[in-house]
Amino acid sequence: MWIEERNGKFKFSERYEDYLTGQIKKVSVTLEKNTAQSRKMAQRLLNERIAASQEVTPIREITFGELVEEYRNHQKLSVKEATYTRNYHTCNTMMELFGKDTIVNRMTVNYINKKLLGSGKNAGTLNEYLTRFRALIRWGYKNDLIEDIRFLDKLDNFKDRPHKEKIQDKYLEQSELNLLLSQMKQPLWKFLTQFMTLSGLRFGEAAALQKADVDFKTGVIHVTKTLDSVNQVITTPKSLCSIRDVYMQPELRSVCSQISLHMKKLEVMNGVRTDLFFHSSKGGYISFFSFNKYIRNLSSNILGKSITTHALRHTHASLLLENGVSIDTISRRLGHENSKVTREIYLHITKALEKKDNIQLENVKIL
């Protein structure tokens, strides 16, 4: 920085290199005095003007906490609230593990592994942290906040010894479903179980339905939204394919009529009015956590295996497969282009049916 006196005032100037073009440029600021305090202020103002004039910000050594903050600001505008909330808490955990003041470009694979292993978490959880960590680092690289991410190539997942869940545990057989329903004493949860099994809707899709979405006139259920159970807000469905009309076959139509009548009685009994198709006693959204806990505990006690609410969706798929409905038709009804679980169930059901066919043919004599 150099100083020139002009007409009783002082001009403070500085040269700098434009990061994008490499050209030498000049900035200046004029102040009333030339004191130590004035020179300090002038240097700060010049630095701010240089930074503001740069069309591209040079990559600097960013801390892990700063990277997380930038990432969160981006996610607020680009992902659903539920995704933001989940990633927010995961990032908090990672900042505790790796240190928010740690400079990202100085992190090593050895450092990361030591911190993860020192947490005492199981391999499955550590691998979830690694997945989010990789996504965070790659985002930083793509947004010019990190210069070198080659160390990610050396960062391997921890060896896990997962309990291999049988495909049969992901859905219910017809007899299991009937037994489970026969033991359900809470009308709301029984109706919801029947509805999800007959429609294939996700819990969030069912919970977000309004009365007008269950269109008895056209015989379809309009699925256009979903309930974010964590934040208790309505959001867009999981994907564009999830926006769909689900045909009400006679069984489903009958159950929907019963649900509609039951819910109207609840409104009268509790003195509430709501547009929701499924609703709590106070007219609000039904609780995913209460329903999931109820069905897990009941299935564990009655069937000897603990299922989640999502198993009802898989049960819907399996029962349609058994009745000869094509996998493409089921995928469209479920609202996705491709489902690994649906195809696994398809293969399992196909093999089971082939086995039954073979048993029937075992003692048949034609000649």
message: Around residue 38, under 15 Å between beta carbons, what's the net of Lys plus Arg minus Asp minus Glu among the other residues?
response: +3
message: Among 236, 108, 35, which one shows the highest mean-square fluctuation when the chain is modelled as a Gaussian network with alpha-carbon springs under 10 Å?
response: 35
task: Note down the nm distance, to one decimal, between modelled labels 7 Å out along Cα→Cβ at residue 360 and at residue 310.
output: 3.4 nm
- line: note: the range 59-142, Cα-Cα separations exceeding 23 Å make up a percent value of 18 percent
Helix runs (DSSP H) in the chain reaching 24 Å along axis by Cα, Kyte-Doolittle at least -1.0: 36-53, 81-98, 123-142, 250-270, 340-362
- prompt: Looking at the range 179-270, which chymotrypsin sites (Phe, Trp or Tyr not before Pro) are DSSP coil and have at most 15 other C-beta atoms within 10 Å of their C-beta?
  reply: 216
- prompt: With +1 on each Lys and Arg Cβ and -1 on each Asp and Glu Cβ, how big is the dipole of the range 192-344 about its Cα centre, in debye rounded to the nearest 20?
  reply: 280 debye
field: the range 1-46 and the range 294-313: distance between their alpha carbon centers, rounded to Å
entry: 72 Å
task: Could you size up the charge dipole of the range 77-125 around its Cα centre, putting +1 on the beta carbon of Lys and Arg and -1 on that of Asp and Glu, and report it in debye to the nearest 20?
output: 120 debye
query: the range 65-135 to the range 233-250: how many Å between their Cα centroids?
result: 33 Å
field: FRET efficiency, residue 215 to residue 70 (Cβ-Cβ, R0 56 Å, nearest 0.05)
entry: 0.80
message: Using protein chains only and a probe of 1.4 angstrom, how many square angstrom of residue 275 are accessible, to the nearest 10?
response: 110 Å²
statement: Mean projected area, convex hull of alpha-carbon positions in the range 1-157, reported to one decimal in nm², is 12.8 nm²
- prompt: Mean residue ellipticity at 222 nm from the helices of the chain, using -39,500 (n - 2.57) per DSSP H segment of n ≥ 4 over the full residue count, to the nearest 500 deg cm²/dmol?
  reply: -16500 deg cm²/dmol
query: Which residue, 298, 77, 181, has the most motion in a Gaussian network model of the chain that connects Cα atoms within less than 10 Å?
result: 77
message: Cα atoms only: what Rg and Dmax, in Å, come out for the chain?
response: 30.5, 121
query: Roughly how many percent of the accessible protein surface of the chain is carbon and sulfur, given a 1.4 Å probe and a whole-percent answer?
result: 50 percent
Debye, to nearest 20: dipole size of the chain, +1 on Lys, Arg Cβ, -1 on Asp, Glu Cβ: 560 debye
message: Please compute the per residue accessible area over the chain with all protein chains in place, 1.4 Å probe, rounded to a whole number of Å².
response: 61 Å²
message: Straight-line reach only, C-alpha to C-alpha below 26 angstrom: list the lysines that residue 365 could link to, leaving out same-chain residues fewer than 8 apart.
response: 351, 355, 356
- request: Determine how large the accessible area of residue 354 is when every protein chain is in place; take a 1.4 Å probe and give Å² rounded to the nearest 10.
  value: 100 Å²
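The values are calculated or read from the model by the stated rules, or taken from the named source; none is laboratory data. Bear in mind the structure is a predicted one, so any value in this text is a computation, not a measurement. Glycine gets a Cβ as well: all are built from the backbone with ideal geometry, and neighbour counts include every protein chain shown. Surface accessibility is based on the protein's heavy atoms, side chains included, excluding ligands, DNA and RNA. Shrake-Rupley method; radii C 1.70, N 1.55, O 1.52, S 1.80 Å.
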